[in-house]
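To start, the structure itself, in C-alpha cells.
Every number in this text was worked out from the coordinates using simple rules, so none of it is lab data. This structure is a prediction, so every number in the text was calculated from the model and none was measured. Every residue, glycine among them, receives a Cβ derived from its backbone with ideal geometry; neighbour counts consider all protein chains shown.
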Amino acid sequence: MVIDMRTRLPHGHIANHAATISFHAQQLSRCAAELTAALEALQALDMRELLAEFEACR
C-alpha cells in the first residue's frame, strides 16, 4: 500500500476523492452552461406583448 507522505492517507483514498471532485466540477460546469443558455433565452424574449395582455386583463 502506498501512503501519501503529506496526508498520511492511502494513495487510493486520495485518488478516489480527486475523481469525485473532478466529477462534481464537471457537473457544475455543465449546469452553469445550461443556466447561462436559459438566461440568454429568457433575455431574448420580447415581453412587451405579454405585458400588454396582462395590463388589458386588469
Practice prompt. Would you kindly derive the ³J(HN,Hα) couplings of region 51-57 from the backbone phi angles with the Karplus curve 6.51 cos²θ - 1.76 cosθ + 1.60 (θ = phi - 60°), listing them in order in whole Hz, with x for Gly and Pro?
Written response: 5, 5, 5, 4, 5, 5, 7
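Rounded to the nearest 20 Debye, what is the dipole magnitude of the chain about its Cα centre when Lys and Arg each give +1 and Asp and Glu each give -1 at the C-beta? Walk me through the intermediate numbers first.
Details: 5 positive and 7 negative charges, 115 e Å.
That gives the chain a dipole magnitude of about 560 debye.
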Worksheet item: Tell me, what is the Rg over Rh of the chain, with Rh the Kirkwood radius over Cα pairs?
Response: 1.54
Worksheet item: Using modelled amide H (1.01 Å from N, peptide plane; none on Pro or chain starts), what sits under 5 Å from the amide H of ASP4, excluding residues fewer than 5 places away?
Response: LEU9, HIS11
Worksheet, complete the sentence: Distance in nm between ALA32 and HIS13 label points, each 7 Å along Cα→Cβ, equals 3.0
Worksheet item: In sequence order, what are the phi-derived ³J(HN,Hα) couplings for region 4-15 according to the Karplus relation 6.51 cos²θ - 1.76 cosθ + 1.60 with θ = phi - 60°, rounded to whole Hz, with x for glycine and proline?
Response: 6, 5, 6, 9, 6, 9, x, 4, x, 4, 5, 4
